[in-house]
Amino acid sequence: MAGSEPVSAEGESMAVDAAPRKPRILLAASGSVAAVKFANLCHCFSEWADVRAVSSSGSLHFIDRASMPKDVILYTDEDEWSSWKKLGDSVLHIELRKWADIMVIAPLSANTLGKVSSVNDMCSYPSFGIQFSLLEGCVTIYLHVLFEPGTTASHSLLHQP
């Protein structure tokens, strides 16, 4: 039986995709001035991974959309709310979670850090009108999130000489 294809419980042959795929990374930018380097970061990651991007409304003040890689889709809060019309429609932050292997937030502003650090509290109690952004909605359902603070004192991922 060596070298044969795996067989399902019903006895049907199951094809195995032998070609490894690139990692899928959801890159997110919050409203820090360090977001001016976000397009560059997207270019670097897209050299070895499949990348989709999420930006907060504050980060859009610093991101030059024209310099984003052509193959990287940039999602905003508007995409989150315009894609859902009725019960049963897909929800963007959930679809992004299904697609990505990991989420990287770079830059992470102090404001967004404060919001996402209290996600458990927000999910445990009624939100009382708190409206999540697309970025914050993604964080609430991810198990694997890499945070890269984008403050004046920290530029490790985003720093380019």
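The values are calculated or read from the model by the stated rules, or taken from the named source; none is laboratory data. It should be emphasised that the depicted structure is a prediction, and the values quoted were computed from it without experimental measurement. Counting neighbours? That spans all protein chains shown, and the Cβs are built from the backbone with ideal geometry, glycine included.
Within the set of pairs 6 or more residues apart or between chains, which connect a residue that is under 14 Å from Ile94 (Cα atoms) inside segment 67-82 to a residue that is assigned to a helix (DSSP H, G or I) and of a type in the set (Gly, Ala, Ser) with Cβ atoms less than 8 Å apart?
Glu80/Gly137
Checking Leu60 against (1) hydrophobic (A, V, I, L, M, F, W, C); (2) touching a residue at least 12 places away in the same chain (Cβ under 8 Å); (3) in a loop (DSSP other than H, G, I, E, B), only one condition comes out false. Which one?
Only one criterion is unmet by Leu60, namely (3).
Could you check segment 16-54 and list, in sequence order, the residues that are in a helix (DSSP H, G or I) and of a type in the set (S, T, N, Q)? Write out each step before concluding.
In the first step, residues of segment 16-54 are kept if they are in a helix (DSSP H, G or I); the result is 33-46.
Passing the criteria: Asn40, Ser46.
Which condition breaks for Leu87 when tested against (1) at pLDDT 95 or above; (2) assigned to a loop (DSSP other than H, G, I, E, B)?
(1)
Right, Ala110: buried (at least 21 other Cβ atoms within 10 Å of the Cβ) and closer than 19 Å to Glu148 by Cα or not? It would help to see each step written out before you state the result.
Numbers: buried (at least 21 other Cβ atoms within 10 Å of the Cβ): no; closer than 19 Å to Glu148 by Cα: yes.
Spelling it out, it is not the case that Ala110 is buried (at least 21 other Cβ atoms within 10 Å of the Cβ) and closer than 19 Å to Glu148 by Cα.
Select, from Trp81, Trp99, the only residue that is closer than 15 Å to Glu136 by Cα and surrounded by fewer than 17 Cβ atoms within 10 Å (Cβ to Cβ).
Details: Trp99 fails: closer than 15 Å to Glu136 by Cα.
So the residue among Trp81, Trp99 that is closer than 15 Å to Glu136 by Cα and surrounded by fewer than 17 Cβ atoms within 10 Å (Cβ to Cβ) is Trp81.
Give the residues of segment 50-72 that are of a type in the set (A, V, I, L, M, F, W, C) and either under 13 Å from the mean Cα position of the chain (by Cα) or on the phi > 0 side of the Ramachandran plot (or both), sorted by residue number.
Our first condition is that a residue be of a type in the set (A, V, I, L, M, F, W, C); within segment 50-72, this holds for 51, 53-54, 60, 62-63, 66, 68, 72.
If the condition is that a residue be of a type in the set (A, V, I, L, M, F, W, C) and either under 13 Å from the mean Cα position of the chain (by Cα) or on the phi > 0 side of the Ramachandran plot (or both), then Val51, Ala53, Val54, Val72 are the ones that fit.
For segment 66-78, which positions are surrounded by 10 or more Cβ atoms within 10 Å (Cβ to Cβ) and under 21 Å from His43 (Cβ atoms)?
Within segment 66-78, the subset surrounded by 10 or more Cβ atoms within 10 Å (Cβ to Cβ) is 67-69, 71-78.
Those that are surrounded by 10 or more Cβ atoms within 10 Å (Cβ to Cβ) and under 21 Å from His43 (Cβ atoms): Ser67, Met68, Pro69, Asp71, Val72, Ile73, Leu74, Tyr75, Thr76.
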